[in-house]
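Everything below concerns the one structure shown next.
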């Protein structure tokens, strides 16, 4: 399978704990995006990488959130000191520069108790 | 700021019939992309169709076609010969080509489509 993969698929954590999610994009794609989707809503943009450079961050990305994409391959999204409001599906997508067609992974569902 | 509005929270269609999902958007940009994505229950988001704003011809992908009205900022999706597998949430999305909106997608709230056998 050469699609976008995300791990873990589900994560349950207690409030105040840190969590980290991983996204592996389609291998030839140099752009990688993170989105958050809550129940009954469309995905909301969080951040965007072109290769290893983080080029755009949403105001939704508070200072408890950090994302990295070392070497321009996989990416990680870390949430520190989780809050119940962080419970959501975290989606990763990738695309080639110039196409604007984004391909999504299956998402990581986070539940903060 | 760009916005995308889907005014139909839910729609229903009989198998083999045709259904149209509505989407309007607001932008001050002249060059952009519009997309329809499908999200089946508990499954990942799938790209259905895309439209480039500078192209007047409406995009078509098999049973899926769009009606793109740039002046009216309207972008509807028509599904012909509906199948049970078309049942899903459908999201309309916008992506600018320049400036700060380049790259990220702005989604509507979605329309839940049910297909009756």
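FYI, it's all coordinate maths here, none of it is from the lab. Since the model is a prediction, treat every value here as computed from it, not as a measurement. Using ideal geometry, Cβ is built from the backbone for each residue, glycine included, and neighbour counts are taken over all protein chains shown.
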- Item | Residues in the range A:1-44 that a label on residue A:111 would reach, taking backbone N under 12 Å of a point 7 Å out along Cα→Cβ | A:10-14
- How many partner chain Cβ atoms sit within 10 Å of a residue's Cβ in peptide A:36-43, on average, as a whole number? 5
- Message: Taking 8 Å as the Cα distance limit and 6 or more residues as the minimum spacing, I'd like the relative contact order of chain A as a percentage.
- Response: 37 percent
- Gap separating the Cα centres of the range B:28-52 and the range A:29-63, nearest whole Å: 16 Å
- Mind checking the mean number of beta-carbon atoms from other chains within 10 Å of the Cβ atoms in B:103-114? 5
- Message: No solvent, one uniform scatterer per C-alpha: report log10 I(q)/I(0) for chain B via the Debye equation at q = 0.09, 0.12 1/Å, two decimals.
- Response: -0.22, -0.40
- Which of B:67, B:104, B:58 moves the most in a Gaussian network model of chain B with Cα springs under 10 Å? B:104
- Mean other chain Cβ within 10 Å across A:103-109 is 3
- Note on the structure: At R0 = 35 Å the Cβ-Cβ FRET efficiency linking residue B:29 and residue A:64, nearest 0.05, sits at 0.65
- Computed over the protein assembly as shown, the convex hull of the Cα set has an average projected area, in nm², of 12.6 nm²
- Message: Could you check the spin-label model distance between residue A:73 and residue B:5? Points 7 Å from the Cα along Cα→Cβ, value in nm.
- Response: 4.7 nm
